[in-house]
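Asker: Have a look at this one before I ask anything.
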Amino acid sequence: MLDPWTADAFDYDKLVKQFGIKNFQDELVKIKNPNRLMRRRVIFGHRDFNNISDLINTNKQFAVVTGMMPSGQIHIGHKMVVDQLIWYQNNGGKLSLPIADLEAYAARGISFEKGKQLAVNEYLTNYIALGLDVEKDVNIYLQSQNKILSDLSFRASMKANFSELKAIYGFTPSTNLAHVNAPLSQVADILIPQLEEYGGPINTVVPVGIDQDPHLRLTRDITSKLHEEFGFLTPSSTYHRFITGLTGGKMSSSKPKTAIYLNDETKDAVKKLKSAKTGGRESLQEQKQLGGKPDECVIFELLVYHLIEDDEKLREIKEECLSGTLLCGDCKNRTCQLLEDFLDDLHEKQIESREIAQTIFD
Ligand code: TRP
Ligand code: SF4
């Protein structure tokens, strides 16, 4: 069972096998200008992405849906989604970005008021500061305020029953009904761009973390049952890995020591990174002899996911680490500098972005 609300450890290969997710590698070769996360296998799996790569390669339009559940602080792991959205926006994708305040209420007890405030100040402000153009034909809405969404969600619920939801999510007779209901809103989120009022059936991709796959299985099943009535096309999806937290486990919105929050003071973030776990050896001598372990290193992962764009440069660092010529102290200092530059620049951009974000729901 893969539970989207409590999942924390992932065996990616096993999930791919168990749930019939396809390896992204097969699609990667078809895409003309894959983005950093695709090239580096951070995006590792997909369902039916071939429908989308064909459209990208022929410059045709498609829809992109991914939601944000406003339950806490946004961290550098969330930047992954934004980078993908920007790439899609530049490659023919028409974006729809639900704010899952219903889900945040059902799963985390966050009030609608608080959810909206987090959506604006944490999520949207940073999405814009990171480079997303929210004025370019993007549909951003709060689930709780969207009548089209609630109607579609209601109609979707006609096509699912309790046994199916129980099989997918592990619900029990004591699960409260808001929790049972929330996934149906997500199904509707994913299908909204295909309604006549938004232009009718269109191929859609949902770029998400692997914990969201249960929602895609439900959506794809319901879509086929609504096909006759609405003409909906089955949505595609991609799955990315999660960034490791600074203490080795999961990077978490609610555990400050594990995360670099985008709204952290730069000096605090750098301090956290300075004490992060590396893939270095016990002693300097051992490091020189055996080399480091970049694949088990939080510092290297940050470089891979976010801080170095140039593949060649990244390869050099990996080789130097493996051969023992690069020492963790130096490598860490350099990474801290990159993080400092990134956050200082982001914080400057947040000032204007916050003003734009605050107008979105007015
Ligand atoms: N459930 C998602 C999360 O926890 C948020 C979400 C809501 C979503 N609606 C969506 C994701 C539609 C993808 C598509 O982050
Ligand atoms: Fe990690 Fe850098 Fe040390 Fe290698 S040298 S283990 S990449 S910190």
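Asker: Sum up the charges of everything whose Cβ sits under 13 Å from the Cβ of Glu27, counting Lys and Arg as +1 and Asp and Glu as -1, but leave Glu27 out.
Answerer: The answer is +3.
Asker: Which number do you get for Rg(Cα) / (2.2 N^0.38 Å) in the stretch 24-160?
Answerer: 1.14
Asker: Would you mind giving the three semi-axes, in whole Å and largest first, of the ellipsoid equivalent to the stretch 186-283 according to its Cα gyration tensor?
Answerer: 42, 15, 10
Asker: Right, next: Summing +1 for each Lys or Arg and -1 for each Asp or Glu, what net charge is found among the other residues whose Cβ lies under 12 Å from the Cβ of Gly199? Display every interim value, and only then the final one.
Answerer: Details: positive: Lys94; negative: Asp137, Glu196, Glu197.
With Lys, Arg at +1 and Asp, Glu at -1, the net is -2.
Asker: Taking 1 over the mean of 1/r across every pair of different Cα atoms in the stretch 273-353, what Kirkwood radius in Å do you get?
Answerer: With all distinct Cα pairs of the stretch 273-353 included, I get 13.3 Å.
Asker: Please give the Cα centre distance for the stretch 209-239 versus the stretch 112-152, rounded to the nearest Å.
Answerer: 22
Asker: Here is a follow-up. Just the accessible area per residue of the chain, please: how many Å² with a 1.4 Å probe?
Answerer: 46
Asker: Can you list the lysines whose alpha carbon sits under 28 Å from that of Lys166, skipping same-chain ones fewer than 8 residues off?
Answerer: Once the sequence-local lysines are set aside, what remains near Lys166 is Lys14, Lys17, Lys22, Lys147, Lys225, Lys250.
Asker: Next question. For a 30 Å ceiling on Cα separation, which of these pairs sit above it: Lys79/Lys114; Lys32/Lys116; Lys30/Lys349; Lys94/Lys116?
Answerer: Pairs exceeding 30 Å: Lys32/Lys116; Lys30/Lys349.
Asker: A further question on this structure: Under a crude label model (7 Å from the Cα following the beta-carbon direction), how far is Lys17 from Asn333 in nanometres?
Answerer: For the pair Lys17/Asn333, the computed spacing is 4.5 nm.
Asker: Can you tell me which lysines have their Cα less than 22 Å from the Cα of Lys288? Leave out same-chain residues fewer than eight positions away.
Answerer: Within the straight-line cut-off, Lys288 pairs with Lys274, Lys277, Lys313, Lys318, Lys332.
Asker: Take each of the peptides 91-103, 31-43, average the number of other beta-carbon atoms within 10 Å over its residues, and list them starting from the highest. Can you show the working numbers first?
Answerer: Values: 91-103: 23.5, 31-43: 17.3.
The packing order, highest mean first, is 91-103, 31-43.
Asker: Rounded to the nearest angstrom and ordered from largest down, what semi-axes does the equivalent ellipsoid of the chain get from its C-alpha gyration tensor (root of 5λ)? Working shown, then result.
Answerer: On the way: eigenvalues 249, 100, 87 Å².
In descending order, the three semi-axes are 35, 22, 21 Å.
Asker: Another one. Please work out how much length the chain gains when fully extended from Ser163 to Lys349, using 0.36 nm per residue of separation minus the C-alpha to C-alpha distance, in nm with one decimal.
Answerer: Gain on extension, Ser163 to Lys349, equals 62.2 nm.
Asker: Can you bin the stretch 1-86 into rounded, prolate or oblate? Criterion: square roots of the alpha carbon gyration tensor eigenvalues sorted a ≥ b ≥ c, rounded for a/c under 1.5, prolate for a/b above b/c, oblate for the rest. Write down the numbers at each step before the final one.
Answerer: Numbers: a/c = 1.88, a/b = 1.28, b/c = 1.46.
Judged from the Cα gyration tensor, the stretch 1-86 comes out oblate (a/c at least 1.5, b/c at or above a/b).
Asker: How much of the accessible area of the chain, probe 1.4 Å, is carbon plus sulfur, in whole percent?
Answerer: 49
Asker: Cα axis of helix 79-89 to longest principal axis of the chain: angle in degrees, 0 to 90, nearest 10?
Answerer: For 79-89 against the chain, the angle is about 60 degrees.
Asker: Straight-line reach from Lys293: which aspartates and glutamates have a Cα under 18 Å away, not including same-chain ones fewer than 8 places off?
Answerer: Candidates past the 8-residue exclusion: Glu282, Glu301, Glu316, Glu319, Glu320, Asp330.
The values are calculated or read from the model by the stated rules, or taken from the named source; none is laboratory data. All values reported here derive from a predicted model rather than from experimental measurement. Cβ atoms come from the backbone with ideal geometry, glycine included; neighbour counts cover every protein chain shown. Note: areas computed on protein heavy atoms with side chains; ligands, DNA, RNA excluded. Shrake-Rupley method; radii C 1.70, N 1.55, O 1.52, S 1.80 Å.
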